[in-house]
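Written out below as structure tokens is the structure these notes cover.
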Amino acid sequence: MSHAKFNEAYFAALRTLIDPADVDYLVVSHTEPDHSGLVEPLLALAPKAVVVGSRVCLQFLSNLVHSPFSSLEVKAGSTVDLGGGHVLEFLPAPNLHWPDTMFSHDRATGVLFTCDAFGAHYCSESVFDDSLATLDPHFRFYYDCLMKPNARSVLTALRKIEPLSVSAIATGHGPVLRYNVPELLGRYGAWSAEAIKKASAAVAVLYTAEYGFGDRLSQSIARGLTKTDVEVMMVDLSTAETQEVVEAVGRAKGVVLMAPPSTGRAHDALAAVLAGSSAGQQFLVAESYGGSDEPVDTLSAQLLNAGALLACPPLRVREAPTEGTYQVYEESGTDLGQALTADKQRTQQKSGMPVQLAKALGRISGGLYLLTAVRGDARSAMIASWVAQAAFSPPSFTVAVAKDRAIESLMQVGDAFVLNCLPEDGEAPIMRHFLKRFPPGADRFQGVAWSPAARSGAPILAAAVAFLECRVSSRMEAGDHWIVLATVEDGATLQPDARTAVHHRRVGSYY
């Protein structure tokens with residue numbers, strides 16, 4: 001199925017294949033709006049169709065479809081015989097990445113229908129995963145954004161899949177996986193196991209999936225958290241049992257509370273949140289922008305009275321979320337994760353390598369640069385020194401970007417950015433400004449003279465020696481950093497007689 005805004009195109013394509021009136025079953029894998037937006041109009045055209053879904057799915061659909069419909073509730077191991085050997089077997093996979101997610105496996109063909117899981121925001125002329133190298137960065141970024149916050153649920157789903165004979169995976173986003181199924185399933189398993197292994201703290205993200213922008217905003221916070229190697233537990237307050245909420249909050253070192261609607265089951269779950277919380281626990285409270293949010297100031301006061309700590313002032317949304325809004329939420333998640341793991345990071349810095357090795361590594365010098373990037377109304381910057389030219393044709397260079405840097409989300413494959421070379425004389429004020437800690441979403445360029453690059457609009461510093469306008473070609477994971485390979489598309493010197501500043505460190509165990 002599809003989002004409601006694609007009504008005309010979807011039904012035009014459907015009618016080239018079948019008459020909607022002939023549909024016997026409509027299997028709804030989950031009720032996220034981009035997949036379930038056309039359920040109601042399809043049922044109007046298919047009066048004999050039986051809607052197949054999980055209990056939670058059918059509950060959600062009752063609020064989306066404003067007329068009676070025939071339904072069949074399925075559980076783990078339930079089957080539907082379609083005839084001709086095509087028997088659909090159902091496997092619940094909650095939180096991948098929607099509370100009611102359910103996989104379907106056709107025993108005749110071996111095709112596994114997984115909705116969001118194993119997908120990618122990538123489109124080409126090919127229906128299948130013909131080029132793994134091309135798909136790879138998009139597959140990883142999709143996992144990091146949507147699946148890594150549910151790493152435990154990923155491993156549970158993989159265990160359920162293991163006994164099945166899977167010939168292909170039909171996802172809800174990106175190509176059908178046909179040629180690289182074992183490899184890509186293996187990657188999901190390895191990434192999820194590593195995420196859980198490295199986590200030094202757990203954070204419960206409490207949201208209401210079917211309310212306002214709560215799902216997308218909570219995903220942004222979760223993405224920010226996972227950049228700091230924090231384990232994330234996504235809990236939908238509108239479907240989770242009371243004991244599940246209490247256990248998640250009790251186990252977590254930090255809690256994100258997306259404001260639920262002021263009435264209903266999600267609101268009633270707030271009592272369980274307070275019951276499960278403990279004195280000294282860090283909370284991040286945020287608006288969901290659903291129209292009737294429980295006031296975040298009221299929620300904050302209740303938590304403070306219970307002895308909890310607020311990681312930052314409540315996050316507020318005054319208009320429909322933009323790229324800038326999502327940036328604020330993601331950076332807030334990163335800040336919370338960094339606060340929860342600060343002790344571990346300091347210990348690792350002190351004991352991570354022998355003293356003499358740290359001193360020797362520190363003798364590797366590098367230039368001083370400012371990376372700048374923009375997407376919509378979101379803008380970011382980062383001081384960089386681990387930069388090296390990589391090729392003459394096409395002109396390329398590499399830059400190392402720490403995984404928890406705010407700009408990392410704006411430097412995915414295909415994204416554009418600017419490398420500003422800082423001057424040997426006069427780099428100190430620029431360094432002081434951009435090395436300070438900025439609040440989430442703060443304008444890092446306030447008080448700084450700059451102009452937009454012609455292609456991307458990313459800031460070019462007026463004080464720069466030179467600039468290069470670039471595009472990310474590929475990324476390679478390197479421990480706690482990403483090595484970004486960038487192709488240069490434009491550039492110029494701004495101070496022909498000036499030289500780029502050089503950075504010397506005493507030790508190599510930190511910047």
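Quick look at the numbers
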| item | result |
| --- | --- |
| Selection within region 121-169 - aromatic (Phe, Trp, Tyr) and over 26 Å from Val87 (Cβ atoms) | Tyr122, Phe139, Phe141, Tyr142, Tyr143 |
| Output for region 251-264, where each listed residue is exposed (fewer than 14 other Cβ atoms within 10 Å of the Cβ) and under 27 Å from the mean Cα position of the chain (by Cα) | Arg251 |
| Qualifying residue in region 122-133 (condition: more than 24 Å from Tyr211 (Cα to Cα), buried (at least 18 other Cβ atoms within 10 Å of the Cβ) and in contact (Cβ under 8 Å) with a residue 40 or more places away in the chain) | yes |
| Matching residues, region 417-442, being at pLDDT below 95, in a loop (DSSP other than H, G, I, E, B) and out of contact with any Lys or Arg (no Cβ under 7 Å at 6 or more places or on another chain) | Asp425, Gly426, Lys436, Arg437, Pro439, Pro440, Gly441, Ala442 |
| Some residue of region 244-267 being without any contact (Cβ under 8 Å) to a residue 12 or more places away in the chain and either assigned by TED's automatic domain parsing to the domain that holds Ala170 or more than 30 Å from Ser167 (Cβ to Cβ) (or both) | yes |
| Leading residue by the ranking (farthest from Val502 (Cα to Cα)) among those in region 416-430 that are in contact (Cβ under 8 Å) with a residue 24 or more places away in the chain and surrounded by fewer than 19 Cβ atoms within 10 Å (Cβ to Cβ) | Gly426 |
| Scope region 443-457; condition over 19 Å from Thr334 (Cβ atoms), assigned to a loop (DSSP other than H, G, I, E, B) and of a type outside the set (Ser, Thr, Tyr); matching residues | Phe445, Gln446, Gly447, Val448, Ala449, Ala453, Ala454, Arg455, Gly457 |
| Counted residues, region 13-45 - those being farther than 28 Å from Tyr211 by Cα, in a loop (DSSP other than H, G, I, E, B) and not acidic (Asp, Glu) | 4 |
| Test: Ser238 is over 24 Å from Ser409 (Cβ atoms), surrounded by 14 or more Cβ atoms within 10 Å (Cβ to Cβ) and under 24 Å from the mean Cα position of the chain (by Cα) | yes |
| Strands (runs of 3 or more DSSP E) wholly inside region 360-414 that include at least 2 residues being under 20 Å from the mean Cα position of the chain (by Cα) | 369-375, 378-384, 396-402 |
| Contacts under 6 angstrom Cβ, first residue in region 91-102 being more than 17 Å from Leu237 (Cα to Cα), partner crowded, with 21+ Cβ neighbours inside 10 Å and modelled with pLDDT under 90, 6 or more apart | none |
| Filter result (without any contact (Cβ under 8 Å) to a residue 40 or more places away in the chain and surrounded by 14 or more Cβ atoms within 10 Å (Cβ to Cβ)) within region 270-280 | Leu270, Ala272, Leu274, Gly276, Ser277 |
| Qualifying residue in region 304-312 (condition: part of a strand (DSSP E or B) and either touching a Lys or Arg at 6+ places or on another chain (Cβ under 8 Å) or more than 25 Å from Arg405 (Cα to Cα) (or both)) | no |
| Qualifying residue in region 155-168 (condition: surrounded by 19 or more Cβ atoms within 10 Å (Cβ to Cβ), of a type in the set (A, V, I, L, M) and out of contact with any strand residue (DSSP E or B) (no Cβ under 8 Å at 6 or more places or on another chain)) | no |
| Top-ranked residue of region 166-186 - restricted to ones that are among the polar types (S, T, N, Q) and out of contact with any Lys or Arg (no Cβ under 8 Å at 6 or more places or on another chain), ranked as modelled with the highest pLDDT | Asn180 |
| Enumeration of residues in region 450-483 that are within 25 Å of Ala498 (Cα to Cα) and among the acidic types (Asp, Glu) | Glu469 |
| Subset of region 382-425 (residues that are more than 25 Å from Ala195 (Cα to Cα) and of a type in the set (D, E, K, R)) | Asp415, Glu424, Asp425 |
| Subset of region 307-363 that is surrounded by fewer than 13 Cβ atoms within 10 Å (Cβ to Cβ) and of a type in the set (Val, Ile, Thr) - its residue that is modelled with the lowest pLDDT | Thr347 |
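Rundown of residues vs (1) closer than 20 Å to Tyr207 by Cα; (2) surrounded by 14 or more Cβ atoms within 10 Å (Cβ to Cβ); (3) within 25 Å of the chain's Cα centre (by Cα), yes/no style:
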position	(1), (2), (3)
Leu61	yes, yes, no
Phe69	no, yes, no
Glu73	no, yes, no
His86	no, no, no
Val111	no, yes, no
Asp144	yes, yes, yes
Ala151	yes, yes, yes
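Here is a yes/no grid of residues against (1) touching a Lys or Arg at 6+ places or on another chain (Cβ under 8 Å); (2) in the same structural domain as His173 (by TED's automatic domain parsing); (3) among the hydrophobic types (A, V, I, L, M, F, W, C):
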site: Tyr10; (1), (2), (3): no, yes, no
site: Leu14; (1), (2), (3): no, yes, yes
site: Ile18; (1), (2), (3): no, yes, yes
site: Val23; (1), (2), (3): yes, yes, yes
site: Leu26; (1), (2), (3): no, yes, yes
site: His30; (1), (2), (3): no, yes, no
site: Ser36; (1), (2), (3): no, yes, no
site: Val39; (1), (2), (3): no, yes, yes
site: Val52; (1), (2), (3): no, yes, yes
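The values are calculated or read from the model by the stated rules, or taken from the named source; none is laboratory data. Owing to the predicted nature of the structure, the values given are computational and were not obtained by experimental measurement. For neighbour counting, all protein chains shown are included, and Cβ atoms are generated from backbone atoms with ideal geometry for every residue, glycine included.
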